[in-house]
Amino acid sequence: MRAVLLFLFCFGCTSTMVGDTDEAMTVLDDQSYGFCHNPGEEAEEVEPWCSLLDEAPVDRCPGMRETCAGTAEPVPSIENNGCNPPSSSDEPSRELAPEPEKPPEKPMKCEEIDLSALGTLLRWVAAFLVAALILVLVRIIIWYFGSRIDRPIQHTARLAQDEPVEEEDDVPLAPSEDQLEAARRALKNGDFGRAVLLARGASLRFLADEGHLRLHRSRTDREYVRSLDDDETRKSLKEVVWAVEVYRWGGRLLDHTLAAGAIGAAERIVVALLLACIFVSSPLALAQSQYRYGPNGDAGLFDTLQAFGYEVTWRLRPLATIDDQTDALILDLSGVQPSTEDWDALRIWVEAGGVLVVGGDSTYTFPVLGQYDPLNAGFVAELTAELKATHLATPRWPDGPSHAFSRGLGTDWVVLEGGVSGAVVKVADVGLGVVVAIADPQLLWNGSLVLHENELFIGDLLYLGQGHYGWPLPTPTRVQLATMAAAQATGAASPTQSLANANLLPFVIQLLFWWLLVSFWKGWPFGPLRDPPVEGRQRFADHVVALGTRYARLGASAHALSAYAGFWVNRLGTSGLKVKAMRAGRSKDEANQFAAAVEAAAKQSDRRDNPVHDLRLVEELWEITRK
Amino acid sequence: MEEFTELFSRIEEQVGRVLLGQSNAIRHGLVALIAGGHILLEGPPGIGKTLLARTLSRVLGVQFSRIQFTPDLMPSDVTGGNVFNQREDDFVFRPGPIFTQVLLADEINRAPAKTQAALLEAMSDRQVTVDGNTRILPKPFFVMATQNPIESEGTYPLPEAQLDRFMMKVLIGHPRKKVEVTLLKNYLAGFDAADLDAVGIEEIVDAAGIGRLSTLARGVRVDPEILEYIATLVGRTRNHPAVELGASPRASIALLLCAQVLAAAEGRTYVVPDDLKELAHPVLRHRFLLQPDAELEGITTDSVVENVLMDVSVPGGERA
């Protein structure tokens, strides 16, 4: 068992180590990323692309710039086996440069068996094992120390054999509304007794379900009344309880007035508390309707897109790991700040066919969008003439959009325009994909989505693009939301990375280390009961003798005898002790002597001699009294 | 029943004017008296046990006597005895202090068993036999016995069989500070516990009135389920693992009678389970014996009673 567990521990540690070799392939490993960033890479193919760099910001694709400038050492390219699409029809065929010493070859995606899922699964399994080990460790510690605490004997009442098992409480389990309805029916039928009992059940069940009462079979109705905090509810329940008492204990026949009063009181309890719940929650409810799903509106966006039939998930993993499992990404730059790495990955993903809907200023990464300028307050945005003919709704901002993209209107597709060269929502083709840029990210927020037009706009936008403009989106479209809520999650590529992000990994490793240390020292689980070695046993015995001698010197035996004797003198009295002694077989004289000795011992607790005598008397007293 | 409630509350109020902060003891004492039983008061010295008895007897308009039990007290000191009268040349019976209506038996555990037995016989039979002659005690006859829980030196604890004769055992503690301040203010204003006349205590009822109250209380309805509840509660004390000897049927009877009085005091013509829950502790706490190991662990009879109350289902609901 120990060996198995140690093996699992080692396996778990090993397999959960975060290593570069086990990390999933990301876009950074992609060939196109290397083409852009690594100087000299794909030098033979770079020439047609160099002209594009003139338009791009100077810090874009530094590697490619060096290659175009001719200052970089050409890096031999990896053989193209047909997996990567050809770059152009008139491109000269590539000749492979000789590879003197190449680094470990990265497996081609198309040829290799995709084991990343298995790796992820193994990591999850390892993480679960680690968690299970920690839990077992904690459990063992609690058991080990807990078992050494002396607990008093718990006396529990035994039920007599002929009594049935009692249920927890005697209030019917049926919902309070049903009971109330049944009570009204009983009242109508003239069964007043049943009516008040049902009214009682409805009231108590409702109050218990709402957490105002704790029902128990040993509690009386009056105790329930007394335990209520609210005066009005207490008054109403009192009325119900009184009617029940009159019927159940008073043996009186109820009249219609009394029964109706009880039902009315029960109704007041149910309705009043329901209203209280509504009123208490209504400011929140109003807030909910105004902001519907919370101050940052992420859940509103989620629900809206889901309602429109998209497959929506939160983007919890880093943006840099985005892949073709995501068709469209909605990025709210007011809540998420992508790093350079993230932007690079996003660009690559878009170029490969992704649709990015970004709220905020993304012109840094996508300069094709133009300049990002603020607008005056009250600016009104409208659909372009072309789109007015479609079903797309015109979104609205209460105070007008805050920003717009000002350049490049001629070649890009504008969705929402306003004023002079102001494109509030703009679409730009980037590679095979599309960037839909919303200048004012508030359109993605909940406060905006309360307006039906905005909801429709966001929901229909992707469909419009897909259907009319050929955006590369499948049906259903897999949409991920990268908003503030998602950013607040500890996005990690693996469970161990998540642990590392939370800085818990050192803690977990320390815990496991100490567990290992203690288990080696004490054995698993912290030492089964073993006989100590002979030498240790002797030392223990000597210790006990020394302790006992010390007790004897302190007269502790006399004190113990005095307490024990006093107990029996109190219970039985002198005469009782005599009787007991005679019943135990002592003669009358012996019984008298015994009783006298016990009485004397009870009175004198400060003697310091004769522990042997004390022990003998204790034994005798024990023997006589247990008979 | 309004008459009962009114008289009961007036008696409580009158006694409460003198004995501050002991409303429970007054209430339970009154309940036991009307139910026809006796009570055992346990509390430290100086908290007003004697004053309670005296005030109660004054308010009820009945005779009051007090016996201070000591180790040398003889049975004849309690019951009285025949004394030779030289003039009449015959033995004349001199009644002892037991011939009264409210008797305060102070520190009953100080007297030897023979003397205790004499009193306890009188309590149960309402009569005294001296030299073969039986004499009936006056009605009502109510004994309020006291015990000091602290001193155990030179005491003769009442045997369990005798304790059972007390309808209730009421624990009295020290008053709260607020009450004690009021008490001191009263003394400053001239209150004298020895002179109840000066306080202006009214006599609310007389001996016949107490009999009438008892009769009224006996008319309070007790549902069969309540009777079952009483029997279940008392029965649970018999098979509780911490109990060596459970309560006897006398306990059930005591619970029933006291519950009726309590219900009447609250103006009801019927007993509810709450009455039994309120009375369970004073009625049951002295009626059963704990196992020695339970005693050594600090379990008390009150905790056993509490455990039983929490364990037994209260009647009165209807299942769906």
Taking strands (runs of 3 or more DSSP E) that fall entirely within region A:292-381, which contain at least 1 residues that are within 31 Å of the chain's Cα centre (by Cα)?
A:311-314, A:328-332, A:355-359
Restricting the first residue to region B:233-257 and requiring it to be under 15 Å from residue B:282 (Cβ atoms), which pairs with a second residue that is polar (S, T, N, Q) and in a loop (DSSP other than H, G, I, E, B) meet a Cβ separation below 9 Å and a spacing of at least six or different chains?
B:234/B:248; B:247/B:237; B:251/B:237
If you scan region A:578-596, which residues turn out to be of a type in the set (A, V, I, L, M, F, W, C) and free of Cβ contacts under 8 Å to residues at least 24 places away in the same chain?
A:579, A:582, A:591, A:595, A:596
Among all residue pairs at least 6 apart or on different chains, which show Cβ distances below 9 Å where the first residue, located in region B:284-307, is more than 14 Å from residue B:245 (Cα to Cα) and the second is among the polar types (S, T, N, Q) and at pLDDT below 80?
B:307/A:156
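So which strands (runs of 3 or more DSSP E) are wholly in region B:77-132 and hold at least 3 residues that are among the hydrophobic types (A, V, I, L, M, F, W, C)? Outline the logic, then answer.
Details: elements: B:80-85, B:90-95, B:102-106, B:127-130.
Counting at least 3 such residues, we get B:90-95, B:102-106.
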Check A:534, A:618, A:544 and return the single one that is at pLDDT below 90 and under 30 Å from residue B:291 (Cβ atoms).
A:618
Selected residue (criterion: surrounded by the most Cβ atoms within 10 Å (Cβ to Cβ)) from residues of region B:151-201 that are away from chain A (no Cβ under 14 Å) and among the β-branched types (Val, Ile, Thr)
B:170
Just one of the numbered conditions (1) within 14 Å of chain B (Cβ to nearest Cβ); (2) touching a Leu at 6+ places or on another chain (Cβ under 6 Å) is not true of residue A:234; which one?
(1)
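Restricting to region A:209-233, name every residue that is in a helix (DSSP H, G or I) and without any contact (Cβ under 8 Å) to a residue 40 or more places away in the chain.
Of region A:209-233, the ones in a helix (DSSP H, G or I) are A:209, A:221-227, A:231-233.
Selection gives A:209, A:221, A:222, A:223, A:224, A:225, A:226, A:227, A:231.
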Hey, among the residues in region A:335-375 that are polar (S, T, N, Q) and surrounded by fewer than 16 Cβ atoms within 10 Å (Cβ to Cβ), which one's nearest to residue A:299 (Cα to Cα)?
A:337
Residue check, residue A:132 against (1) at pLDDT 80 or above; (2) surrounded by 13 or more Cβ atoms within 10 Å (Cβ to Cβ); (3) more than 30 Å from residue B:233 (Cβ to Cβ), all met but one. Which one?
(2)
Going through A:564, A:551 one at a time, which residue ends up being at pLDDT below 85, in a helix (DSSP H, G or I) and of a type in the set (Ser, Thr, Tyr)?
A:551
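Given the residues A:556, A:560, A:584, which is the only one that is among the small types (Gly, Ala, Ser) and within 14 Å of chain B (Cβ to nearest Cβ)? Even if it seems obvious, please write down each step before you answer.
Values: A:556 fails: within 14 Å of chain B (Cβ to nearest Cβ); A:584 fails: within 14 Å of chain B (Cβ to nearest Cβ).
Exactly one residue qualifies, and that residue is A:560.
Going through region A:187-204 one residue at a time, which ones are at the interface with another protein chain (Cβ under 9 Å from one of its Cβ atoms) and either surrounded by 23 or more Cβ atoms within 10 Å (Cβ to Cβ) or among the aliphatic types (A, V, I, L, M) (or both)? Before you say what the answer is, go through the steps one by one.
So the first thing to find is which residues in region A:187-204 are at the interface with another protein chain (Cβ under 9 Å from one of its Cβ atoms), and the list is A:194, A:197-198, A:200-201, A:204.
Passing the criteria: A:197, A:198, A:200, A:201, A:204.
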Looking only at region B:268-281, and only at residues there that are more than 7 Å from chain A (Cβ to nearest Cβ) and within 22 Å of the chain's Cα centre (by Cα), the one that is nearest to residue A:241 (Cα to Cα):
B:275
Flag if residue B:221 is modelled with pLDDT of 90 or more, closer than 17 Å to residue B:285 by Cα and charged (D, E, K, R):
no
Failed criterion for residue B:52 (all others in (1) buried (at least 17 other Cβ atoms within 10 Å of the Cβ); (2) more than 17 Å from residue B:202 (Cβ to Cβ) hold)
(2)
Count of residues meeting criterion [of a type in the set (A, V, I, L, M) and more than 10 Å from chain A (Cβ to nearest Cβ)] in region B:291-317
1
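The values are calculated or read from the model by the stated rules, or taken from the named source; none is laboratory data. These figures come from a predicted structure and were not determined experimentally. Backbone-built Cβ (ideal geometry, glycine too); neighbour counts: all protein chains shown.
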